[in-house]
Amino acid sequence: MEAPSDASILLLTLRVAAIATLLILPIGIFAAWRLSRRAGAGRTLAETLLSLPLVLPPTAVGLLLLELLSRSGPLGRLLDRLGIEILFTWKAVVLATAVMSFPLLVRPARTAFEEIEPRLLAMARSLGCGPIAVFRRVALPLAWRGVLSGTLLAFSRALGEFGATIMIAGNIPGRTQTMALAIFQRTHIGRDDAALRLVAITVVIAFTVVWTSEIVTRRRSRRSET
Amino acid sequence: MIELEIALPLSRFRLEVAAALPADTVAVLGPSGSGKTSLLESIAGLRPKAAGRVTIRGERVMDTKAGLKPPPERRRIGYVPQDACLFPHLNVGENVRFGMARRNGAALFEEAVRILEISPLLDRYPATLSGGERQRVALARAIATEPRLLLLDEPLAAVDPALRGRILPYLLRVRGSLGVPFLYVTHNAGEARAVAEAAIVLRAGAVTFAGTPDAALEMISADEDPEARFDNILSGLLEASGAGGENGLLRIGETRLVVPADPRAVPGTRAVYSVAPEDILVSTRPGRVVSVTIAGTDAWIGISAAGVEWTARLTRTASDVLGLAGGVEVWIAVKTQAFHRLG
């Protein structure tokens, strides 16, 4: 089987990372918003659980997902019955990267929501907004920098996911092999030069994304200062 | 007619307000920390733990005993908090339109912008506005929702001295042209008298007085409320003054009062002035003008009174209006605060 080109690996990686980010965006924003408005033990527990993928070994997360999705696992049986195949397909790559990137989206978004003056939200209610309208017309516009910065961080994390991906998606060239996996494989077979080419590409992408995120979070528009 | 019955546990005390006021415009007086803001927030529905009954012109806003406790968005109550609470990501126009009533919104928007004179501000963002401008925008935003009741929390004079009384002339105009009932929190009993038909005084969460604003004066003393003030509020028509233009004239009924020059003053328009009670002189000692010396726009008036020769400095207009000339009998009064010990 012919080895896929750098370009096709890059495309696969970008596509998977983009889908994963889009997938977690609504859930992540919702979770961040709810967490920012809660207090107490339940919130601390939820935050800790959400942050686990940040600190656990990615392979551990991968193994948990594998158990969950395997034919004998609780979710796997259901998916099997529905005829949906996830493990060792590109969908597994999406799932692994989504799970691993999720906390990186939620944390900055949550902080941004927390920074909103609660009285502004109360004011919006008093002016006739229901809870959803308050979120749409006040909270999100005031927190968009944090949300965007979290989205970019999650996306860049998704681009480089390795450990969880290899556990549930394997390293199948042309199907599940992303940049991170290809670098590993090329180095493994002694093609360091080819691996370094991919490294160069990832450096450029990661640099651009993180740089953009930094600029977005730093620059405070004059009008929102009070 | 505004009926209030609110109970709300606070950390310092329990807010327990019960008052039935035969008025649509009510001033809420009382020292800082007496529960005034908590009362307004309870009425607006922003205090989930507040229980009780609120009725405005016979319409029930809330009645927790009967299970009526609508969320803030269904109360139609226009709240103007102390800090105005404008949305920083929206410009003034967008802020005012934020909660605009569906049916009469556009007309109310125009009306609010006109009454509060904010049309030059519409494209600006809240961060660029002065404290007084923010208050006006917040009041306009509240009016545009076609509220059943307005709640106004006047910022403390100590926070922003330039702001004191600024919203008052606009509130008078709102009262005159829209007739929306309101509750107005103020530390100034004079303002209460000028805008409201009734007043309540709060102390540690309880109503210690309910009645007319004039009768509320007996409750206002500096030992109880260091921020308490009573300013005389005078509303009248501006008239063109004499040739010099160094003063203005305010006509109230048949009386013409000399007021300081104001470059923005347009003759024929309504103006509101405040006079601190400390600046009113009460005198029983007659004197006699001995000389009038005009120097430019100033007039130096020599007066013999109480066996002492005084020299007073008036503007030339004031001297003309009073008809001062040698031999005219006048009363003079010297403020106690005007005596500065030199040795």
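Just so you know, all these numbers are worked out from the coordinates, no wet-lab data involved. Predicted model only: the values in this text are computed from it and were never measured. Positions of Cβ are generated from backbone atoms using ideal geometry, with glycine treated the same way; all protein chains shown enter the neighbour counts.
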*Using the count of nearby Cβ atoms within 10 Å as a rough guide to exposure, how do A:Leu148, A:Leu22 rank from fewest to most?*
A:Leu22, A:Leu148
*Of A:Ser51, A:Leu121, A:Leu12, whose Cα points farthest to the positive end of the dipole of chain A (charges on the beta-carbon: +1 Lys, Arg; -1 Asp, Glu; origin at the Cα centre)?*
A:Leu121
*Kirkwood Rh over Cα pairs of the range A:6-220 into Stokes-Einstein at 4 °C, 1.567 mPa s: D in µm²/s?*
69 µm²/s
*Mean ellipticity per residue at 222 nm, deg cm²/dmol - from DSSP H runs of n ≥ 4 across the protein assembly as shown, formula -39500 (n - 2.57)*: -13000 deg cm²/dmol
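Going by how many other Cβ atoms sit within 10 Å of their own, how do B:Asp320, B:Asp262 line up, fewest first?
Going from sparsest to densest Cβ surroundings: B:Asp262, B:Asp320.
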*Against the longest principal axis of chain B, how steep is helix B:167-178, in degrees 0 to 90 to the nearest 10, with axes from Cα atoms?*
60 degrees
*Using the Karplus curve 6.51 cos²θ - 1.76 cosθ + 1.60 with θ = phi - 60°, work out ³J(HN,Hα) for each residue of the range B:275-291 in order, rounded to whole Hz, and write x for Gly and Pro.*
10, 5, x, 5, 9, 9, 9, 10, 9, 10, 9, x, x, 9, 5, 9, 7
*Hz values of 3J(HN,Hα) by residue in the range B:315-330 - Karplus curve (6.51, -1.76, 1.60), Gly and Pro given as x*: 7, 4, 4, 4, 4, 5, 4, 6, x, 6, 7, x, x, 5, 7, 9
*Take peptide B:68-78, look around each residue's Cβ out to 10 angstrom, count Cβ atoms belonging to other protein chains, and average those counts.*
3
_Tell me the net charge near B:Ala215. Cut-off is 13 Å between Cβ atoms, B:Ala215 excluded, with +1 for each Lys or Arg and -1 for each Asp or Glu._
-2
*Determine the shape class of the range B:224-326: with a ≥ b ≥ c the square roots of the Cα gyration tensor eigenvalues, call it rounded for a/c under 1.5, and otherwise prolate if a/b is greater than b/c, oblate otherwise.*
oblate
*At 37 °C and 0.692 mPa s, grab the translational diffusion coefficient of the range B:1-125 from Stokes-Einstein with a Kirkwood Rh over Cα pairs, rounded to a whole number in µm² per second.*
199 µm²/s
*Within a Cβ distance under 14 Å of A:Ser51, other residues only, what is the Lys/Arg minus Asp/Glu net charge?*
+3
*Where nothing but the Cβ of Lys and Arg (+1) and of Asp and Glu (-1) is charged, how large is the charge dipole of the range B:234-279 around its Cα centre, in debye to the nearest 20?*
220 debye
*Can you give the angle from 0 to 90° between the axis of helix A:140-160 and the longest principal axis of chain A, with both taken from C-alpha atoms, to the nearest 10?*
10 degrees
*Viscosity 0.692 mPa s, 37 °C: Kirkwood-radius Stokes-Einstein D of the protein assembly as shown over Cα pairs, µm²/s*: 112 µm²/s
*Going through the range B:209-317, which trypsin sites (Lys or Arg not before Pro) have at most 16 other Cβ atoms within 10 Å and a DSSP loop state?*
B:Arg264
*Per-residue mean of other chain beta-carbon atoms within 10 angstrom of the beta-carbon, peptide B:141-153?*
1
_Within 14 Å, Cβ to Cβ, of B:Arg74, how many net charges do the neighbouring residues add up to if Lys/Arg are +1 and Asp/Glu are -1?_
+3
*Enter the angle in degrees (range 0 to 90, nearest 10) between the Cα long axis of helix A:58-69 and the first principal axis of the Cα atoms of chain A, meaning the one along which they spread out most.*
90 degrees
*Proximal lysines relative to B:Lys36, as straight alpha-carbon distance under 20 Å, when same-chain residues fewer than 8 apart are discounted*: B:Lys49
*Counting only C-alpha contacts under 8 Å and six or more residues apart, can you give the relative contact order of the range B:2-223 as a whole percent?*
29 percent
*If the cut-off is 17 Å between C-alpha atoms, which aspartates and glutamates fall inside it for B:Lys69, apart from same-chain ones fewer than 8 positions away?*
B:Glu3, B:Glu5, B:Glu41, B:Glu59
